[in-house]
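Q: Handing you this structure, nothing more for now.
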Amino acid sequence: MFLAENSSNLALIIALCTLVGVLLITVFVVLVVKLKKKKHPRVKVNEEFISSLVQALGNRNNIQAVSTVNGRIHFEVEDLDCVDLDTLKKLSTAGVFITNSTIKMLFTYDSEAICTAVQSLPRGE
């Protein structure tokens, strides 16, 4: 009788240990997946930065289109001669790339926030 009770207790203990082990592994996997997906927080964009950027691009009227591609911001400008490349190089974290009339840059600020801020600026006459 004592032997039968010990084997059922042993089976119960093994089942509980297995369940706890599976739960711990599941929690660990979920945490690892969430940490990998967590993006590095970007610095919030400020008005002074946007103002300097737009001025370096030759003012809002010179900017025809703004978009983001893989974290880089693409500015389509009307006149490349109006653009202050030295200032743009200082503002950008990874240099300035120019293809035809498109200027591509990467910033420490959030790309989407910059794009939205520039697009919301009114065009002058």
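Q: What residue, among those in segment 45-62 that are under 18 Å from M105 (Cβ atoms) and either assigned to a loop (DSSP other than H, G, I, E, B) or charged (D, E, K, R) (or both), is modelled with the lowest pLDDT?
A: Going through segment 45-62, the residues under 18 Å from M105 (Cβ atoms) turn out to be 45-46, 48-60, 62.
From what is left, the residues that are either assigned to a loop (DSSP other than H, G, I, E, B) or charged (D, E, K, R) (or both) are 45-46, 48, 57-60.
Numbers: V45: 78, N46: 85, E48: 92, L57: 95, G58: 94, N59: 94, R60: 93.
Checking each candidate, the answer is V45.
Q: Follow-up. Which residue pairs have Cβ atoms closer than 6 Å, lie 6 or more positions apart in sequence or on different chains, and pair a first residue in segment 77-89 that is within 10 Å of A56 (Cα to Cα) and in the same structural domain as R60 (by TED's automatic domain parsing) with a second residue that is outside any loop (DSSP other than H, G, I, E, B) and not hydrophobic (A, V, I, L, M, F, W, C)?
A: Correct list of pairs: C82/N62.
Q: State the number of residues belonging to segment 46-58 that are touching a Lys or Arg at 6+ places or on another chain (Cβ under 9 Å) and either in contact (Cβ under 8 Å) with a residue 60 or more places away in the chain or β-branched (V, I, T) (or both).
A: The qualifying residues number 1.
Q: Based on what the data block shows, is L85 of a type in the set (A, V, I, L, M) and surrounded by 14 or more Cβ atoms within 10 Å (Cβ to Cβ)?
A: Values: of a type in the set (A, V, I, L, M): yes; surrounded by 14 or more Cβ atoms within 10 Å (Cβ to Cβ): no.
No: the conditions fail for L85.
Q: Does T102 satisfy being within 12 Å of L53 (Cβ to Cβ), assigned by TED's automatic domain parsing to the domain that holds I63 and either exposed (fewer than 14 other Cβ atoms within 10 Å of the Cβ) or over 21 Å from the mean Cα position of the chain (by Cα) (or both)? Talk me through it step by step, then tell me what you get.
A: Numbers: within 12 Å of L53 (Cβ to Cβ): no; assigned by TED's automatic domain parsing to the domain that holds I63: yes; either exposed (fewer than 14 other Cβ atoms within 10 Å of the Cβ) or over 21 Å from the mean Cα position of the chain (by Cα) (or both): yes.
Spelling it out, it is not the case that T102 is within 12 Å of L53 (Cβ to Cβ), assigned by TED's automatic domain parsing to the domain that holds I63 and either exposed (fewer than 14 other Cβ atoms within 10 Å of the Cβ) or over 21 Å from the mean Cα position of the chain (by Cα) (or both).
The values are calculated or read from the model by the stated rules, or taken from the named source; none is laboratory data. Being a predicted model, the structure only gives us computed values, none of them experimental. No Cβ is skipped: glycine too gets one built from the backbone with ideal geometry, and neighbour counts run over all protein chains shown.
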